[in-house]
Amino acid sequence: MIFDNSLIVIQEAKDFFKNNVSIQPATFIDNDNKYHENYWLIKPSTYYSAISLDKSDYEITFILDSNEPLFNTYEFEKIVTFKETNNSPSIFIDTYLKLLVIDESILEEFKKQKISGLSFLNIEAFKFSKMFQENNDIINI
């Protein structure tokens with residue numbers, strides 16, 4: 001479950017997130033008034049982006065500070081990413097999209113551990129509308 005650029009996960013998934021995250025117990029009541037414990041709130045502490053602005057097609061729709069991309073609003077037509085092998089975090093909030101991003105290694109670990117009930121969208125296939133409608137780019141596990 002995603003909540004305010006955080007993940008709410010079960011114990012088995014909590015162990016995948018060791019670096020650059022805040023981990024706190026999460027207790028909540030669902031829509032059926034069922035009480036849930038033994039969940040964890042995973043909140044990334046890193047703002048980062050793997051988006052190549054030189055290769056992507058985008059428009060800046062609102063500029064608050066040209067030196068600080070987190071404060072500006074970007075609308076992407078096409079996203080092209082780059083891959084840093086050593087320094088890229090495994091979970092972060094993207095500086096340009098302002099959304100939670102996980103590395104593919106975490107997705108593969110979820111699959112390996114047979115954790116299900118999650119949906120993902122490859123960042124290069126990202127369009128805001130795709131997050132809320134059925135489409136072939138959604139990765140369901």
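Would you call residue 66 of a type in the set (Gly, Ala, Ser), more than 18 Å from the chain's Cα centre (by Cα), open to solvent by 30 Å² or more (accessible area, probe 1.4 Å) and at pLDDT below 90? Before you say what the answer is, go through the steps one by one.
Working: of a type in the set (Gly, Ala, Ser): yes; more than 18 Å from the chain's Cα centre (by Cα): yes; open to solvent by 30 Å² or more (accessible area, probe 1.4 Å): yes; at pLDDT below 90: yes.
Yes; evaluated as a whole, the condition is true for this residue.
This table checks each residue for (1) open to solvent by 60 Å² or more (accessible area, probe 1.4 Å); (2) touching a Phe, Trp or Tyr at 6+ places or on another chain (Cβ under 9 Å); (3) free of Cβ contacts under 8 Å to residues at least 40 places away in the same chain; (4) under 20 Å from residue 102 (Cα atoms).
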{"position": "7", "(1), (2), (3), (4)": "no, yes, no, yes"}
{"position": "10", "(1), (2), (3), (4)": "yes, yes, no, yes"}
{"position": "17", "(1), (2), (3), (4)": "no, yes, no, yes"}
{"position": "30", "(1), (2), (3), (4)": "no, no, yes, no"}
{"position": "36", "(1), (2), (3), (4)": "no, yes, yes, no"}
{"position": "47", "(1), (2), (3), (4)": "yes, yes, no, yes"}
{"position": "58", "(1), (2), (3), (4)": "yes, yes, yes, no"}
{"position": "70", "(1), (2), (3), (4)": "no, yes, yes, yes"}
{"position": "80", "(1), (2), (3), (4)": "no, no, no, yes"}
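Mind listing whichever residues of the range 105-131 are within 15 Å of the chain's Cα centre (by Cα), more than 23 Å from residue 54 (Cα to Cα) and either open to solvent by 80 Å² or more (accessible area, probe 1.4 Å) or not hydrophobic (A, V, I, L, M, F, W, C) (or both)?
Of the range 105-131, the ones within 15 Å of the chain's Cα centre (by Cα) are 105-108, 110, 118-128, 130-131.
Restricting the remaining residues to those that are more than 23 Å from residue 54 (Cα to Cα) gives 105-108, 110, 118-120, 130-131.
Answer for the range 105-131, where residues must be within 15 Å of the chain's Cα centre (by Cα), more than 23 Å from residue 54 (Cα to Cα) and either open to solvent by 80 Å² or more (accessible area, probe 1.4 Å) or not hydrophobic (A, V, I, L, M, F, W, C) (or both): 105, 108, 119, 130, 131.
Right, residue 3: at pLDDT below 90 and touching a helix residue (DSSP H, G or I) at 6+ places or on another chain (Cβ under 8 Å) or not? Give the steps one after another, and end with the answer.
Details: at pLDDT below 90: yes; touching a helix residue (DSSP H, G or I) at 6+ places or on another chain (Cβ under 8 Å): no.
Spelling it out, it is not the case that residue 3 is at pLDDT below 90 and touching a helix residue (DSSP H, G or I) at 6+ places or on another chain (Cβ under 8 Å).
Inside the range 19-28, can you point out the residues that are without any contact (Cβ under 8 Å) to a residue 40 or more places away in the chain and open to solvent by 70 Å² or more (accessible area, probe 1.4 Å)?
At the first step, the residues of the range 19-28 found to be without any contact (Cβ under 8 Å) to a residue 40 or more places away in the chain are 22-28.
Those that are without any contact (Cβ under 8 Å) to a residue 40 or more places away in the chain and open to solvent by 70 Å² or more (accessible area, probe 1.4 Å): 24, 25, 27.
For the range 119-141, give me each residue that is closer than 25 Å to residue 86 by Cβ, assigned to a loop (DSSP other than H, G, I, E, B) and free of Cβ contacts under 8 Å to residues at least 24 places away in the same chain. Talk me through it step by step, then tell me what you get.
Taking the range 119-141 as the starting set, the residues that turn out to be closer than 25 Å to residue 86 by Cβ are 120, 122-124, 126.
Adding the requirement that they be assigned to a loop (DSSP other than H, G, I, E, B) leaves 122, 126.
122 - this is the single residue of the range 119-141 that is closer than 25 Å to residue 86 by Cβ, assigned to a loop (DSSP other than H, G, I, E, B) and free of Cβ contacts under 8 Å to residues at least 24 places away in the same chain.
Only one of (1) of a type in the set (S, T, N, Q); (2) more than 21 Å from residue 6 (Cα to Cα); (3) in a loop (DSSP other than H, G, I, E, B) fails for residue 116. Which number is that?
Unmet for residue 116, out of (1) of a type in the set (S, T, N, Q); (2) more than 21 Å from residue 6 (Cα to Cα); (3) in a loop (DSSP other than H, G, I, E, B): (2).
Restricting the range 93-113 to residues that are in contact (Cβ under 8 Å) with a residue 40 or more places away in the chain and part of a loop (DSSP other than H, G, I, E, B), which is farthest from residue 47 (Cα to Cα)? Explain how you work it out, then say what you get.
Within the range 93-113, the subset in contact (Cβ under 8 Å) with a residue 40 or more places away in the chain is 93-101, 106, 109-110, 113.
From what is left, the residues that are part of a loop (DSSP other than H, G, I, E, B) are 95-99, 113.
Numbers: 95: 6, 96: 9, 97: 11, 98: 9, 99: 10, 113: 27 Å.
Top of the filtered list is 113.
Answer yes or no as to whether residue 71 is closer than 24 Å to residue 125 by Cβ, in contact with an Asp or Glu (Cβ under 7 Å, 6 or more places away or on another chain) and not acidic (Asp, Glu).
Numbers: closer than 24 Å to residue 125 by Cβ: no; in contact with an Asp or Glu (Cβ under 7 Å, 6 or more places away or on another chain): yes; not acidic (Asp, Glu): yes.
The answer is no for residue 71.
When you go through 95, 81, 73, 27 one by one, which is the residue that is touching a Leu at 6+ places or on another chain (Cβ under 6 Å) and not small (Gly, Ala, Ser)?
The conditions single out 95.
The values are calculated or read from the model by the stated rules, or taken from the named source; none is laboratory data. Source: prediction; values computed, not measured. Here the Cβ is made from the backbone with ideal geometry for all residues, glycine too, and neighbour counts use every protein chain on show. Calculation scope for accessible area: heavy atoms of the full protein, side chains included, ligands and nucleic acids excluded. Shrake-Rupley method; radii C 1.70, N 1.55, O 1.52, S 1.80 Å.
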